[in-house]
Amino acid sequence: MTATASERAAAPSSGEPLLRLRGIQKSFGAVHVLRGIDLDVKAGEVTALVGDNGAGKSTLIKGIAGIHSFDEGEYVFDGRPVTVHNPKDASGLGIEVVYQDLALCDNLDVVHNMFLGRELRHRGLLDEDAMEKRARETLNGLSVRTLQSVRTKVASLSGGQRQTVAIARSVLWNSRLVILDEPTAALGVAQTEQVLLLVRRLADSGLGVILISHNLNDVFQVADDIAVLYLGQMVAQVRKDDVTSNQVVQLITTGSTGAEGASA
Ligand SMILES: Nc1ncnc2c1ncn2[C@@H]1O[C@H](COP(=O)(O)OP(=O)(O)OP(=O)(O)O)[C@@H](O)[C@H]1O
Ligand SMILES: [Mg+2]
C-alpha cells in the first residue's frame, strides 16, 4: 500500500514518531481508565502529558513502561509494532521511567545510585573505577555542574540534585525514551530551572521525552508538544506554539477548548 500525496504531506517532516500509541484501552476490573488513547512522541522532542488528578496519566505511562499491560490497542516503537508486558520488555527497547518518589537509596553515594541493580563488575567484584568514570561522563555529558562529588551520599543532596541523579541514571543505558513523572513537583524555583534545563538537554541530545506535569509554566517553558488527558480520553495533542495556557487549562478541566463547532 502506498501513501497518497496528502497522507505524505500530513506526515511530520522528521518522519515516524519514536513512540506511537493508537486506540489504547485499559480497565481495572469494572473501572475503564484509558479509553482509546492515541499518542505520538518524537525523538528530539519533549512531549508534555497533562491532565487533572485521576485523568489516567500514571496508568498510561505504567502501560508504556510495562508495569501494566494495555488491554487493547497498537503500541508501535521506532516504526515496529511491539509487545510490552513487563518492565524488562520496556527497558529492552530503551524506555526508562523516572518516578516521582525517585527510589534512590539515601545511604549510597551518587555512583552506586546511578548503577543500582545494574552494577558493573570486573572478575566478580564491583568495578568501582569504571562505574565512577561512567557516572562522571554521563553527568558531564548532561552539563550537570551542581554536584560536588559523585561519591557524595544521596542523603545529603538537595531535592534538585536528587532529581538530577535520577534523571542521569535513566540515560546511562542507551535510552531512547525517558519518561519523567512530575520531576519538579517538590522543587524550588532555582532547582526547577536546573531540572527543566536538563529535561531540555535530554531531548536536544536526541531522546524522546515524556514529561508529566501539573505545572503549566514548566510545560510551556520546556515542551514541544502537549498531550491532554481528560477522564481517560486524549482530548488533544497539539504543538505548544499553537495553544495558549488558557486553552490548555480549559482542555484539562472541561475536555474541550470551549470553541464549539470550531475545528480543534
Ligand atoms: N490499580 C488500580 N486499580 C483500580 N483503579 C485504578 C488503579 N490504578 C489507577 N486506577 C484508577 O484509574 C484512574 C486514573 O488514575 P491515574 O493514577 O492514572 O491518574 P493520574 O492522571 O496519574 O492522576 P494524578 O495526577 O493524581 O497522579 C483513577 O480513577 C484511579 O482511581
Ligand atoms: Mg499520577
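Where a number appears in this text, it was derived from the coordinates with a stated rule and is not lab data. Keep in mind it's a predicted model, so treat the numbers as computed, not measured. Glycine gets a Cβ as well: all are built from the backbone with ideal geometry, and neighbour counts include every protein chain shown.
Fewest to most neighbouring Cβ within 10 Å: what's the order for Val154, Val110, Val243?
Placing the least packed residue first, the sequence is Val243, Val154, Val110.
Please give the peptides 175-183, 32-40 ranked by average Cβ packing (other Cβ atoms within 10 Å per residue), highest first, as a rough proxy for protection.
175-183, 32-40
Set the Förster distance to 22 Å, then compute FRET efficiency between Ser158 and Gln221 from the Cβ-Cβ distance, nearest 0.05.
That pair, Ser158 with Gln221, gives E of 0.60.
Please give the helix 128-141 orientation as an angle from the longest Cα principal axis of the chain, in degrees from 0 to 90, rounded to the nearest 10.
40
Expected output is a single nm value to one decimal: the length gained when fully extending between Asp204 and His85, i.e. 0.36 nm times separation in residues minus the C-alpha distance. What is it?
39.9 nm
If you average the C-alpha positions of the range 231-252 and of the range 43-96 separately, how far apart do those two centres end up, in angstrom?
Centre-to-centre distance over Cα atoms comes out at 20 Å.
Please work out whether the range 30-93 counts as rounded, prolate or oblate from its C-alpha gyration tensor, where a ≥ b ≥ c are the square roots of the eigenvalues and a/c under 1.5 means rounded, while otherwise a/b larger than b/c means prolate and anything else oblate?
Judged from the Cα gyration tensor, the range 30-93 comes out oblate (a/c at least 1.5, b/c at or above a/b).
So how much slack lies between Ser149 and Asp129, counting 0.36 nm per residue of separation and subtracting their Cα-Cα distance, in nm?
Contour length minus the Cα-Cα distance gives 5.8 nm.
Could you pull out every residue, at least 5 positions away or on a different chain, whose amide H is within less than 5 Å of the one on His68? Hs are placed 1.01 Å off N in the peptide plane, and Pro or chain starts have none.
Residues meeting the criterion, in which the H sits 1.01 Å from N, are Gly63.
Check which residues have an amide H placed less than 5 Å from Tyr230's amide H, if you skip close sequence neighbours.
Residues meeting the amide H criterion: Val235.
Show that you can apply the helix-only estimate: for the chain, add -39,500 (n - 2.57) for every DSSP H stretch of four or more residues, divide by all residues, and state [θ] at 222 nm to the nearest 500.
Taken over the chain, the calculation gives -9500 deg cm²/dmol.
Using Cα atoms only, what is the angle between the long axis of helix 159-170 and the major principal axis of the chain, expressed in degrees (0 to 90) to the nearest 10?
Orientation of helix 159-170: about 80 degrees from the principal axis.
Distance in nm between label sites at Asn246 and Glu193, each 7 Å beyond Cα in the beta-carbon direction?
2.9
What list of ³J(HN,Hα) couplings, whole Hz, do you get for the range 180-192 from phi and the Karplus terms 6.51, -1.76, 1.60, once you set θ to phi - 60° and write x for glycine and proline?
Taking θ as phi minus 60°, the curve returns 10, 9, 6, x, 10, 4, 9, 9, x, 4, 5, 5, 4 Hz for the range 180-192.
Which order do peptides 189-201, 81-93 fall in by mean Cβ count within 10 Å, highest first?
Details: 189-201: 17.8, 81-93: 14.8.
Highest to lowest by the protection proxy: 189-201, 81-93.
Mind pulling the angle between the C-alpha long axis of helix 245-254 and the longest principal axis of the chain? Nearest 10 degrees, somewhere in 0 to 90.
Taking the Cα atoms of the chain, the angle to 245-254 is about 70 degrees.
First measure r as the distance between the Cβ atoms of Glu119 and Val238, then evaluate 1/(1 + (r/R0)^6) with R0 = 51 Å and state the FRET efficiency to the nearest 0.05. Each step should come with its number before you reach the end.
Working: r = 43 Å, r/R0 = 0.83.
Once the sixth-power term is evaluated, E becomes 0.75.
Using a Förster radius of 35 Å, what is the FRET efficiency between Asn107 and His214 based on their Cβ-Cβ separation? Nearest 0.05, please.
0.70
Ordered by residue, what ³J(HN,Hα) values in Hz, to whole numbers, does the range 107-115 give under the Karplus form 6.51 cos²θ - 1.76 cosθ + 1.60, where θ = phi - 60° and Gly and Pro are x?
7, 9, 7, 4, 4, 5, 5, 5, 9
Treating cross-link reach as a plain straight distance, find the lysines whose alpha-carbon is under 28 Å from the alpha-carbon of Lys133, omitting any fewer than eight places away in the same chain.
Straight-line reach from Lys133, under 28 Å: Lys88, Lys153.
When the Karplus curve 6.51 cos²θ - 1.76 cosθ + 1.60 is applied with θ = phi - 60°, which whole-Hz ³J(HN,Hα) does each residue of the range 86-92 get, with x for Gly and Pro?
Working through the residues one at a time gives 7, x, 5, 4, 5, 5, x Hz.
For Ile179, which sequence-distant residues (separation of 5 or more, or a different chain) have an amide H within less than 5 Å of its own amide H, given hydrogens modelled in the peptide plane?
Under 5 Å from the amide H of Ile179: Glu96, Val97, Val98, Ile210.
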